[in-house]
Structure formats: structure tokens, C-alpha cells
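Let me begin by presenting the structure, written as C-alpha cells, before commenting on it.
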Amino acid sequence: MSDERTFIMIKPDGVQRGLIGEILGRFERKGFKLVAMKFQQSDVAHLEKHYDDLKARPFFPGLVKYMASGPVCAMVWEGLNAVKTGRVMLGATNPADSAPGTIRGDLCIQVGRNICHGSDSVESANKEIDLWFKKEELVNWTSTQKSWVYE
Ligand code: IDP
Ligand code: MG
């Protein structure tokens, strides 16, 4: 049950603004376990696959261009309810609606530059993890914190 995984990504604006440490630090301090991480600039084709469910939306071309404009930090985090809790930690899609205390609520202003991505369901998490990582990049390790994070 504590092995649910979610795909979290710091978008190019988050990277350019020097927020990698701030964002990944929140997941680390929360108690989630880092399973994989990579820093890369993706091409348009890869990002079109990542956002395939949004291809009919008017903002899609701009979204893909923004996502391809610089490097991103892609991560897999593991833990109890990692998908749902990860979304809560991110805040609402539009930072204007994100509560203070959330990543988007604290650190950004506009929906088109909302600095981070998080999977919205276990099914999409699995798809996204598959798209961004090879099986052998998912590290199998035991966090010494585990027995203190869970009862
Ligand atoms: P999510 O990132 O919270 O899951 P989605 O609806 O899946 O939100 O949209 C994916 C991304 O597309 C958003 O994070 C944001 O970067 C961008 N986006 C969503 N709606 C708009 C919009 O109305 N204008 C510009 N960009 C948008
Ligand atoms: Mg989404």
C-alpha cells in the first residue's frame, strides 16, 4: 500500500527559477521515497505524448513549446497515496486557485507557467513513468526512514 508511485516533474520555468531544490525538498521532507530522477531537455514529440490527453485544447501548442523550451527535472516518488497527496502538494492547476502552502500556491502566478506536473491517477502515473523512465532507472532501495514514516 505504501508502494504507490507518482510521476512528478519540475517544468522548465521551475528549473530556470532555481526551484528544483525547493520542490523536490517538499516531497523529501513529506516522507515520500525518491525512486528515480533525471534532468533532461525533451523534444516536442516526447512532450506531445506526455500531454496526449490535451491535444484538442487550444493551449496545447503553446504548452508543448513551453515544455520543450528548457530542461525539466523528472522524478518518481513512492509512498502511501503518493498520487493523490502529490496533487494536493502541487495545488490547483491554476495558481490563482491554489491554496497557500501548496507549491503552486506559494511559488507561481499563471496557469501557463505553473512550474510543476504531477500525475492525476495511478493509471496515468504508470503511463507517465513508462514514458519517462526505463525499468532499470527505477531504483530498488529501502529508505531507513520507512519505519518512522509508517506505523
Ligand atoms: P495539471 O497540470 O494540473 O494536471 P492539466 O489540466 O492536465 O493540469 O493541464 C496540463 C498543463 O497544461 C497545466 O499544468 C498547465 O501548464 C497547462 N494548462 C492548463 N490549462 C491551461 C490554460 O488554460 N492555459 C495555458 N496553459 C494551460
Ligand atoms: Mg494533468
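Helix 20-30 and the longest principal axis of the C-alpha atoms of the chain enclose an angle of approximately 40°.
Listed by chain and number, the aspartates and glutamates placed with their C-alpha closer than 13 angstrom to that of Lys146 are Asp3, Glu28, Glu78; residues fewer than eight positions away on the same chain are left out.
Protection proxy ranking for 81-92, 137-148, using the average of other Cβ atoms within 10 Å per residue and placing the highest first: 81-92, 137-148. Would you mind checking the tilt of helix 122-132 against the longest principal axis of the Cα atoms of the chain, expressed as 0 to 90 degrees and rounded to 10? Between helix and principal axis, roughly 70 degrees.
Quick check on region 10-121: of the DSSP beta bridges with both residues there, what percent are antiparallel, nearest 5%? Restricted to region 10-121, the bridges split so that about 90 percent are antiparallel. Only lysine pairs 8 or more places apart or on separate chains count here, and in region 1-113 those with Cα atoms under 26 Å apart total 18.
Per residue of the chain, the DSSP helices (runs of n ≥ 4 H) give a summed -39500 (n - 2.57) that works out to -10500 deg cm²/dmol at 222 nm. Protection proxy ranking of 115-128, 38-51, by the mean of other Cβ atoms within 10 Å over each peptide's residues and highest first, is 115-128, 38-51.
Note on the chain: dipole from Cβ charges, positive end direction compared against Trp148, Pro100, Ala36; the farthest Cα belongs to Pro100.
Since every read-out is calculated from the coordinates, none of them should be taken as a lab result. Model, not experiment: these values are computed from the prediction. Neighbour counts run over all protein chains shown; Cβ positions are idealised from the backbone, glycine included.
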